There are 2 protein chains.
Amino acid sequence: MLDERKQRVLQAIIEDYILTALPVGSRTVARKYGLGVSSATIRNEMADLEEMGYLEQPHTSAGRIPSDKGYRFYVDWLMKSASLSEEHLRRIHKGYQKKAREIESLIQETIKVLSEITDYMTVVLGPQISRTKLEQIHFLNLSANSALFVVVTTVGFVEKCIVDIPESITSDELELISEVLTHHLKGKSVEDITRSTLSDIRMDLGKYQDFIAASLDLLEYLLNQRKDERVWVGGKTNILNQPEFQSIEKARAVFSVIDQEELVRDLLSAATPGSIRVSIGGENRIEEVQDCSLISATFRIGTDTYGKIGIIGPKRMDYSHTVAALECVEKALSEVLCRVIGA
Amino acid sequence: MLDERKQRVLQAIIEDYILTALPVGSRTVARKYGLGVSSATIRNEMADLEEMGYLEQPHTSAGRIPSDKGYRFYVDWLMKSASLSEEHLRRIHKGYQKKAREIESLIQETIKVLSEITDYMTVVLGPQISRTKLEQIHFLNLSANSALFVVVTTVGFVEKCIVDIPESITSDELELISEVLTHHLKGKSVEDITRSTLSDIRMDLGKYQDFIAASLDLLEYLLNQRKDERVWVGGKTNILNQPEFQSIEKARAVFSVIDQEELVRDLLSAATPGSIRVSIGGENRIEEVQDCSLISATFRIGTDTYGKIGIIGPKRMDYSHTVAALECVEKALSEVLCRVIGA
DNA sequence: CTTAGCACTCCTCCCTAGAGAGTGCTAAGA
DNA sequence: TCTTAGCACTCTCTAGGGAGGAGTGCTAAG
């Protein structure tokens, strides 16, 4: 374990580096972060910290920068929890006071507000819709041969799609089909639909067999393939503001990961319910983002359905402020969702 | 007007520059684009072309690069219309064969395919929903105190939103309200709703006055503020692949424009129905994108509702290929839309 | 254990010189 | 009159070298 003074030196170096992005020298630590000892003493401490793996030296005559292990120690032990400025708090609450109460626009708002107040990149992973329970399935008649197919699941997810309707099916029949489908599928997830469910439906609606089959296909496509664990990204351009990404190459490496939904899902698998998690540099398994840190959280939608939020910035990111922002936003979001869904 | 040989020289320079992004010298033109004359002759022609404003010289001992005027001449007179590769054609048609027929996912697909096959950035401007006619308004009962508010407009736009319902309103009453609202508002656009419409509705549904007022507010918010002339952007990271945007500064300038929806609308005001339009460099009024060119088109949704597509790349973009791609995609999209909407 | 002092290392910046690319001009040839 | 070879000239780009500066590690004294 590090003694008191080593901790203070480490903290000073990390905080200065977060601020300036420049290697920190012993003189700076001694002068700016009055520890009451000379730079020579600090130098000895720094040499020790380097040997222990908390610091690194870009080259012999440069100051030190934190290593992953250093950041980890900082996050776990040294970091003081920050509180958000009045302005940021106002911004967050303003965002959620809008009229629209759909999950989708709430998620959009979440991304926007987090990108704005942190100046990093935000990603959100939607819940596994395929595992939520179906609540209602309805065909809303639009014209003689088209209808709006609406699927609602328990956690307030609504998917819709315009479909062709055989001329032979009347408006009343559509109503009936809607009712039967809802009756048979309510409380089931898309994954739960089995052969026996299907044959039950066929029993009741044999007459419309083809149409039903097509509708169920569509249902599966809507909830399973297209929207399941959907990925949203925002604040992408923010990372161009970070000095570590001035060299296009690095920026491109990060973008190349973020542009692949699969990899984003992989990254966010780090998020665990109930707490904010910080993944620093090499702790992320994807190579291209090992110069980045990820701060992640989950938000609850309904009883046991979770979405995930991640904030991606340079390793040198302002951890305490970002954690505070994510905490606050997650809370506000969960509250609104709770109210909206009534769970 | 330029004589035959000057045109061929100009064309050679532009095409070489598009390929290499390097100033083109007289030797290169003479050798690679066999015009049957020596480099000295080409040099004279180039000096003439420069004097006439078609070419520019970065510095005395560099080759020439095209000016805006040069590109303009190339696009208007010299460019041969390209045809897309088999592979690209397949990619385009595959994209539109998916099941989902919503306008929104079609637009997403359009952006994706164009960004992929051109390697530039794509923006789409949705139609002015506020000016399309309302087709149906429906409350779909979800629970004792919530319903799904669905609004459909003639061009196949569907907006939805979960709303709270006073306990006092029953399922049957909701049905009635839906019918009355649809009856009064069908065929009107949001902009068309007048005081007299409102008082007509109040006449029929006075009992539910507060609820109706809230619903109409929401309607206006959904169609007018939130989704009207919506902006989609894709392929943002592509521009980092262009050599002219290696210096973060320039990339940031472009992003800063693209991130502001108002400016994108402004940019795309260049698009005119019926033809593909090319805006080169300074022809764009927004300063930050004067190093870029914009190729734009409109696509028809319904009878007289238009959306706009724009492809943004460096001035040195491959105009003929991009125009061909946009032409083809626009056609495919319009066809699908035609079929879907049945207009 | 702390600290002042000092030699040392290595990066960064700036300057210069040389190479290379491409030009414009000139004069000769068709 | 148009074309072309030849050549001097201009300007950029790159490599190399030295000065300056920041920061270190070590040593010896307090």
Q) What relative contact order, as a whole-number percentage, does chain A give when Cα pairs under 8 Å and 6 or more residues apart are counted? A) 19
**Q.** Relative contact order (%) - criterion: Cα under 8 Å, at least six apart; region: segment A:4-78
**A.** 35
Q: Would you give the gap between the C-alpha center of segment B:187-211 and the C-alpha center of segment B:15-41, rounded to a whole Å?
A: 69
Q: State the volume of the convex hull built on the alpha-carbon positions of segment B:40-93, expressed per residue in Å³ and rounded to an integer.
A: 143
Q) If the viscosity is 1.567 mPa s and the temperature 4 °C, what translational diffusion coefficient in µm²/s does Stokes-Einstein give for the protein assembly as shown when Rh comes from Kirkwood over Cα pairs? A) 45
Q) For chain A, rounded, prolate or oblate, judged on the Cα gyration tensor with a ≥ b ≥ c (square roots of eigenvalues), a/c < 1.5 rounded, else prolate if a/b > b/c? A) prolate
Q. Put a dot 7 Å past each Cα toward the Cβ at A:K227 and A:E283; how far apart are the dots in nm?
A. 3.4
**Q.** Cβ-defined net charge surrounding B:R64, 9 Å radius [Lys, Arg +1; Asp, Glu -1]
**A.** -2
**Q.** Residues of segment B:298-320 with amide N under 18 Å of the 7 Å Cα→Cβ point at B:R91
**A.** B:310-314, B:317-320
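Taking the convex hull of the alpha carbon atoms in segment B:220-343, what volume per residue do you get, in Å³?
115
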Q) Summing -39500 (n - 2.57) over the DSSP H runs of n ≥ 4 in chain A and dividing by its residue number, what mean residue ellipticity at 222 nm do you reach, to the nearest 500 deg cm²/dmol? A) -13500 deg cm²/dmol
Q: Just need log10 I(q)/I(0) for segment A:130-226 at q = 0.18, 0.20, 0.22, 0.24 Å⁻¹, Debye formula, equal scatterers on the alpha-carbon atoms, no solvent, rounded to two decimals.
A: -0.78, -0.98, -1.19, -1.41
Q: Give the order of B:C328, B:C292 when sorted by the count of other beta carbons within 10 angstrom, beginning with the fewest.
A: B:C328, B:C292
Q) What is the calculated FRET efficiency for A:M203 to B:E191, with r their C-beta to C-beta distance and R₀ = 51 Å, to the nearest 0.05? A) 0.55
**Q.** Label geometry 7 Å along the beta-carbon vector: B:T197 inter-copy distances in nm
**A.** 4.1
Q. Normalised by the residues of segment B:130-226, what does the relative contact order come to in percent, with Cα pairs under 8 Å and at least six apart?
A. 29
Q. What does the charge add up to near B:R131, with Lys and Arg as +1, Asp and Glu as -1, over the other residues with Cβ less than 11 Å from its Cβ?
A. -3
Q: For each of A:D228, A:D192, count neighbouring Cβ atoms within 10 Å of the residue's Cβ, then give the residues from fewest to most.
A: A:D192, A:D228
(Q) As a quick test, which of the pairs A:K160/A:K186; B:K32/B:K315; A:K308/A:K331; B:K207/B:K227; B:K98/B:K160; B:K94/B:K315 have an alpha carbon distance above 21 angstrom in this structure? (A) B:K32/B:K315; B:K207/B:K227; B:K98/B:K160; B:K94/B:K315
Q: Counting other beta carbons within 10 Å of each Cβ, put A:F73, B:F255 in order, fewest first.
A: B:F255, A:F73
Q. Distance from the Cα centre of segment B:45-62 to that of segment A:221-277, in angstrom?
A. 46
(Q) Just to verify a number: FRET efficiency for B:W77 and B:A47, C-beta to C-beta distance, R0 = 30 Å, to 0.05? (A) 0.90
**Q.** Residues with amide H under 5 Å from that of B:S146, placed H, sequence gap 5 or more
**A.** B:I165
Q) With no solvent and one point on each alpha carbon, what is the Debye value of log10 I(q)/I(0) for segment B:4-78 at q = 0.12, 0.23, 0.26 Å⁻¹? A) -0.25, -1.02, -1.34
Q: Find how many whole Å separate the alpha carbon centroid of segment A:112-156 from the alpha carbon centroid of segment B:123-159.
A: 15
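Only the coordinates and a few stated rules stand behind these numbers; no lab work does. Everything numeric in this text was worked out from a predicted model, so none of it was measured. No Cβ is skipped: glycine too gets one built from the backbone with ideal geometry, and neighbour counts run over all protein chains shown.
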